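Visitor: First the structure, then my questions, so here it is.
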Amino acid sequence: QVRLVESGGGLVQSGGSLRLSCVASGHTFSIGAFGWYRQVPGSQRELVAHIRIGGPITYADDVKDRFTISRDDAMNTVDLQMNNLKPEDTAIYYCASSRGPGRTLDEYDDWGQGTQVTVSS
């Protein structure tokens, strides 16, 4: 099992930036992909960005050119740099890890507790 702990959420004005960080511990050798997801109350959890170990990076269309996912294998961390934030980015953001390629929500095996991001207009 992999334990994931997120940090870096908070309140920011529209146009501002935040950097989310996720630290993985436990059976990190088994991780095939990381994903950042977000969820607002009453809606399904949606993919924000996905990074596959040794493979491609993908982004949701509405965050392309604004968000950047990166990982540091030595530190077992995966970060999400969020620039030019908009009120519609307001959500709880979750870090997740998959033992597979992590192409869909149900492929993710372990989840963090989530961190709140609020963007004011």
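The values are calculated or read from the model by the stated rules, or taken from the named source; none is laboratory data. Everything numeric in this text was worked out from a predicted model, so none of it was measured. Cβ sites come from the backbone with ideal geometry, for glycine too, and all protein chains shown count toward neighbours. All accessible areas refer to the heavy atoms of the entire protein, side chains included, with ligands and DNA or RNA removed. Shrake-Rupley method; radii C 1.70, N 1.55, O 1.52, S 1.80 Å.
Visitor: How many residues does segment 1-18 contain that are modelled with pLDDT of 95 or more, closer than 15 Å to D109 by Cα and either open to solvent by 60 Å² or more (accessible area, probe 1.4 Å) or under 15 Å from the mean Cα position of the chain (by Cα) (or both)?
Guide: 3
Visitor: I'd like the residue in segment 22-43 that is assigned to a loop (DSSP other than H, G, I, E, B) and free of Cβ contacts under 8 Å to residues at least 12 places away in the same chain and, out of all such residues, is nearest to T104 (Cα to Cα).
Guide: First pass over segment 22-43, keeping only residues assigned to a loop (DSSP other than H, G, I, E, B): 27, 31-32, 40-43.
Applying the additional criterion that residues be free of Cβ contacts under 8 Å to residues at least 12 places away in the same chain yields 41-43.
Numbers: P41: 20, G42: 20, S43: 17 Å.
Looking at residues that are assigned to a loop (DSSP other than H, G, I, E, B) and free of Cβ contacts under 8 Å to residues at least 12 places away in the same chain, I get S43.
Visitor: Among the residues of segment 19-50, write down those that are surrounded by 14 or more Cβ atoms within 10 Å (Cβ to Cβ) and among the aliphatic types (A, V, I, L, M).
Guide: Answer for segment 19-50, where residues must be surrounded by 14 or more Cβ atoms within 10 Å (Cβ to Cβ) and among the aliphatic types (A, V, I, L, M): L20, V23, A24, I31, A33, L47, V48, A49.
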